[in-house]
Ligand SMILES: Nc1ncnc2c1ncn2[C@@H]1O[C@H](COP(=O)(O)OP(=O)(O)O)[C@@H](O)[C@H]1O
Ligand SMILES: [Mg+2]
């Protein structure tokens, strides 16, 4: 069911409940007020004749009946005089015998009393009981009057109130429909705007002036769509850069292959060509592997385990000692006790990239240092080199996929520019941080900061 109708029903339900309660209160208090008025009148009427009646009681029943009949006609009421024990003494209708006991609730009360009762034979009746003191005994006057007028008045009042309530219910129904439509209108507009979004056309715009949750919702959707577009743009750019970067070694390979037949006779040239060819194939293979890594990162959950500074040292020594020795670079370890809660395979891949860079971008006779350090909240692994460094203008770009500084391309043929992009993603997956300090021709330091295992 639409929210609009739900709201409408809730409004209407509340109104009906409320107006029913109101109706009950009004009708009851009106009835009480009417009855009080009738009581006043009956008491006034009764007290006028009370003296006369008291004079005849309890000597002569016949004289008493005579009086009662006279007033009975005047007041249009049946008048009964009761003894002290509330048995009948005299009845204006001369029907009830002396000494009869009446079964009436009002007789149970002390002093003045008034009651309204519905009887099948006479409709609504008003009973009024008035005590009086006679010469010897105490007696009572019971007045029984028709109260049809009161109830006719009451029911016409009820009818009037009910009509007024029904009318206001109708007005309220219409009003609450308008209000709930107005309240839920923005939701409909949001849905319409959302439905217009297609994979090709991601655009969401809706003007809404008031400051409330709906405005927040609209802003949140707008931000989400913008971010999606940004993400999409980045993906597109990555895809086109990737294809472009893959084309470069392919073009080189094509050129070599086209020229290969002409150098068949020249063995030296031939070997040089095939060697270049192998290099290009290797480069492409590495690039494709790294591209695959980038697209797969973050898809599978991290398989975290605790590793120590020793694990890190052993792994790096094993992986890089020969490469370093070949390039005449000293690998140095300064390991403080520190534990890392990481996906070992990914974390080592990140470290491998950093140490490979340090070795690749350093001349011979230099030192590459790997340090670990434990702080209060976080642990750090850092890699220092004394290599070519990175110029301040290149520094902001080194994490972009395929970015390679000019100095770097001149220095080393190898490298795809994907390494640091991968490292950054891996570290961010671990909720860590990567920072780089570098001075051209002095060296570079890279810090990986990770939260301390709990
Ligand atoms: N230790 C370093 N010394 C000097 N330059 C570096 C170092 N590490 C990274 N760089 C610069 O950052 C660029 C991006 O690094 P990376 O993504 O690992 O790509 P690649 O190593 O394949 O060139 C490198 O091309 C280089 O310009
Ligand atoms: Mg690299």
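The values are calculated or read from the model by the stated rules, or taken from the named source; none is laboratory data. Being a predicted model, the structure only gives us computed values, none of them experimental. Heads up, the Cβs are rebuilt from the backbone with ideal geometry, glycines too, and the neighbour counts pull from every protein chain shown.
Exactly one residue out of 293, 332, 318, 310 is in contact with a strand residue (DSSP E or B) (Cβ under 6 Å, 6 or more places away or on another chain) and either not assigned by TED's automatic domain parsing to the domain that holds residue 401 or not in a loop (DSSP other than H, G, I, E, B) (or both), and it is 332.
Residues 377, 428, 441: which one is away from ligand 2 (no atom under 14 Å from the Cβ), farther than 30 Å from residue 281 by Cβ and more than 47 Å from the chain's Cα centre (by Cα)? Can you show your working first?
Working: 377 fails: more than 47 Å from the chain's Cα centre (by Cα); 428 fails: more than 47 Å from the chain's Cα centre (by Cα).
Unique residue meeting the criteria: 441.
Contact annotation: residue pairs with Cβ atoms under 6 Å, 6 or more positions apart or on different chains, pairing a residue in region 338-360 that is touching a residue at least 40 places away in the same chain (Cβ under 8 Å) with a partner that is within 10 Å of ligand 2 (Cβ to nearest atom), are 350/423; 353/419; 353/423; 360/412.
Yes/no per residue for (1) closer than 24 Å to residue 238 by Cα; (2) more than 7 Å from ligand 1 (Cβ to nearest atom):
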position	(1), (2)
371	no, yes
378	no, yes
387	no, no
417	yes, no
425	yes, yes
439	no, yes
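Among the residues making up region 386-414, those that are within 14 Å of ligand 2 (Cβ to nearest atom), surrounded by fewer than 16 Cβ atoms within 10 Å (Cβ to Cβ) and part of a helix (DSSP H, G or I) are 397, 409.
Among the residues of this structure, residue 417 counts as one that is on the phi > 0 side of the Ramachandran plot and either within 14 Å of ligand 2 (Cβ to nearest atom) or modelled with pLDDT under 95 (or both).
Looking at region 260-275, is at least one residue within 21 Å of residue 403 (Cβ to Cβ) and at pLDDT below 95? Explain how you work it out, then say what you get.
Kept after step one, since they are within 21 Å of residue 403 (Cβ to Cβ), are these residues of region 260-275: none.
No, region 260-275 contains no residue that is within 21 Å of residue 403 (Cβ to Cβ) and at pLDDT below 95.
Would you mind listing the strands (runs of 3 or more DSSP E) fully within region 75-163 where at least 3 residues are farther than 18 Å from residue 45 by Cα?
Details: elements: 78-82, 88-91, 113-119, 123-133, 138-146.
Here the list reads 88-91, 113-119.
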